1. Do we find that residue 225 is small (Gly, Ala, Ser), under 13 Å from residue 120 (Cα atoms) and surrounded by 12 or more Cβ atoms within 10 Å (Cβ to Cβ) in this structure?
2. Which is at pLDDT 95 or above and in contact with a His (Cβ under 9 Å, 6 or more places away or on another chain), of 194, 205, 231, 224?
3. Would you mention how many residues in the range 158-197 are in contact (Cβ under 8 Å) with a residue 40 or more places away in the chain and buried (at least 18 other Cβ atoms within 10 Å of the Cβ)?
4. How many residues are hydroxyl-bearing (Ser, Thr, Tyr) and either touching a Pro at 6+ places or on another chain (Cβ under 6 Å) or more than 18 Å from residue 32 (Cβ to Cβ) (or both) when one looks only at the range 141-162?
5. Among the numbered criteria (1) charged (D, E, K, R); (2) within 17 Å of the chain's Cα centre (by Cα); (3) more than 17 Å from residue 248 (Cβ to Cβ), which one does residue 191 miss?
6. Going by the conditions given, is residue 173 farther than 19 Å from residue 122 by Cβ, touching an Asp or Glu at 6+ places or on another chain (Cβ under 6 Å) and hydrophobic (A, V, I, L, M, F, W, C)?
7. Of the residues in the range 107-166, how many are of a type in the set (A, V, I, L, M) and in a helix (DSSP H, G or I)?
8. Quick test of your reading of the structure: residue 83 fulfils all but one of (1) among the aromatic types (Phe, Trp, Tyr); (2) modelled with pLDDT of 95 or more; (3) over 11 Å from the mean Cα position of the chain (by Cα). Name the failing condition by number.
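The values are calculated or read from the model by the stated rules, or taken from the named source; none is laboratory data. Keep in mind the model is a prediction, meaning the values are calculated, not measured. Here the Cβ positions follow ideal geometry from the backbone for every residue, glycine too, while neighbour counts run over all protein chains shown.
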Amino acid sequence: MQEGFVRSEIKDGIATITFFHPQSNSMPGYQLRALADEVNKLGKDAAAKVIVLKSEGGNLPAGITAEGTKAVKAGAFCAGASFDELISIKDITTGTTFFSGFAGVINAMRKAPKFVLVRVHGKAVGGGVGIACSGDYTFGITGALVKLSELAVGIGPFVVGPAVDRKIGRSAFAELTINATEWRDAQWAKEKGMYNELHDTVEDMDKAIDALAKKLANSNPEAMAMLKKIMWEGTEHWDQLLTERAGMSGKLVLSDFTVNAINKFKAK
């Protein structure tokens, strides 16, 4: 059952993409593909001058009920990969395809000829950290903790790794990766460069996002596209690199160690 969604709208040159899933805004494969498609589409839309990427938080969106599902946790920006889908993977092709979904999102954000502003209203785990680090300018609140938990379930942050490494540096990336069960607070993420701005409340953050988005919507699109390309120099090989990394995760997710680890985590 496809319980989540990806939606977008354009207003006054500002394109806003919103994703949602009732399981802590985790990302099943269909939703990852939809998110990448939306970023790619808006990147080509002349009406969109800047892109804001966000997830639903707190109350469930209109038309969505919590009955029969796990209600979305107010603190979750994105819980990363869908464990339900991970545990259903039975062959390396399916595994590689699933993890390629995260590769698609990162590469779409990287290649969009517009600045992508990311709004992190709560905790980010695994792939959620990758999305936060793939933004050109990322906002967070003081409760927006981060964790790369992949090693704890028998895999590793292979696909999101290049984006995280690029944004916060090798030492900080290694710290997150190796100590995979520990949260890092938002101030740590700000000091390492993951968050460009940190705000005490969602309301303050949204005001800051709106102010910057409006400035960018009235800036020279050609200049911004040139700057975006310069800022991502050296990543031109990521289409191939992230696909190779997806294969590494796709293989590991089939191991007995990973299957047992995920089942134990889901049982908590």
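1. No.
2. Only one candidate qualifies: 205.
3. 12
4. First pass over the range 141-162, keeping only residues hydroxyl-bearing (Ser, Thr, Tyr): 142, 149.
Now narrow it down to the ones that are either touching a Pro at 6+ places or on another chain (Cβ under 6 Å) or more than 18 Å from residue 32 (Cβ to Cβ) (or both): 142.
Summing the residues that are hydroxyl-bearing (Ser, Thr, Tyr) and either touching a Pro at 6+ places or on another chain (Cβ under 6 Å) or more than 18 Å from residue 32 (Cβ to Cβ) (or both) in the range 141-162 gives 1.
5. The one condition residue 191 does not meet is (2).
6. Yes; evaluated as a whole, the condition is true for this residue.
7. Of the residues in the range 107-166, the ones of a type in the set (A, V, I, L, M) are 108-109, 112, 116-118, 120, 124-125, 129, 131-132, 141, 144-146, 148, 151-153, 155, 159-160, 163-164.
Remaining after also requiring in a helix (DSSP H, G or I): 108-109, 129, 131-132, 151-153, 163-164.
Looking only at that region, the number is 10.
8. If we test residue 83 against (1) among the aromatic types (Phe, Trp, Tyr); (2) modelled with pLDDT of 95 or more; (3) over 11 Å from the mean Cα position of the chain (by Cα), just (2) comes out false.
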